[in-house]
1. Going by how many other Cβ atoms sit within 10 Å of their own, how do Ser182, Ser202, Ser80 line up, fewest first?
2. FRET efficiency for Gln156 and Asn104, Cβ-Cβ distance as r, R0 = 22 Å, nearest 0.05?
3. Length gain on complete extension for the stretch Glu204 to Glu113, per 0.36 nm per residue less the alpha carbon to alpha carbon distance?
4. Once you charge only the Cβ atoms, +1 for Lys and Arg and -1 for Asp and Glu, what is the size of the charge dipole of region 154-211 about its Cα centre, to the nearest 20 debye?
5. For a test of the definition: using alpha carbon positions, the gyration tensor, and the 1.5 limit on a/c, classify region 99-157 as rounded, prolate or oblate.
6. What distance in nm lies between label points placed 7 Å from Cα along the C-beta direction at Ile197 and Arg213?
7. Give me the lysines in straight-line cross-link reach of Lys90: C-alpha distance below 29 Å, same-chain residues under 8 apart excluded.
8. Residues in region 135-160 near a label at Val181, defined as backbone nitrogen under 20 Å from the 7 Å Cα→Cβ point?
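Read-outs throughout are calculated quantities, based only on the coordinates presented, and are distinct from any laboratory measurement. Quantities reported herein were computed from a predicted structural model and do not represent experimental measurements. Cβ placement follows ideal geometry from the backbone for every residue including glycine, while neighbour counts extend to all protein chains displayed.
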Amino acid sequence: MLLRWNSRINLTAVRSPEEIVSRHFGESFFAARHLFPPSRPIIPHTHADQELVPSSQEQRQTPGTAITNPHLSTAIDVGSGAGFPALPLKIWAPDIRLTLIESNHKKVAFLREVIRGITLTDVNVFCGRAEDFVAANSPNPSTDNVVTLRAVERFQSVLPTAAHLVNPGGRLALLIGHAQVSQAIKLIPHFDWQPPIAIPGSKERVLVVGRNRSLPQSSVTGPR
């Protein structure tokens, strides 16, 4: 599916099926495993999917891959593009409610087609910029959430907006170049940042996760 659409609307500059699997899927599932550690050992899935997008049914039937995390209710992916890391994240942790934010209408059409094709539930695609999403949605500080950001343009301007979407106690997960880590920490100083984790097979890219240490508004104001 990704290869077919990519030939028409340029979803990703990566063209090789092998590189798509290793770079896009591999990096995304690497992040998913760190964000939602499995509760039981992973049994490798050996059957290659011809569409390059594993079906949700297959993933749920593979022992160890359907991760249930009752403490996390929402995930937001900023600048989803071709759906990485958002869709692998949902496949890995099917119980979360996922929102993908993408401003390109053609990419939005692709994302919605994939979601229908692999029958994912509790997934919303917002067609617009992250700033538009912030303006159109009221925050729900009572929920623990995670916001992901990977390979977006205008990193310096988008990052503060992505951080704004992270609830108190929630996490911001960045798949970025190692050189961008210090920049991210400087731009978002009110997060507690974990040490960067090198992504296997990449010399430069890392996963870095920060937790919003801001207190919920109710904790600041106290009971009325």
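1. Ser182, Ser202, Ser80
2. 0.65
3. So the chain would gain 29.5 nm between Glu204 and Glu113.
4. The calculated dipole for region 154-211 is roughly 60 debye.
5. Here region 99-157 falls in the oblate category.
6. Roughly 2.1 nm, to one decimal.
7. Candidates past the 8-residue exclusion: Lys106, Lys107, Lys203.
8. Within reach of a label on Val181, which here means backbone N under 20 Å from a point 7 Å along Cα→Cβ, region 135-160 contributes 147-152, 155-156, 159-160.
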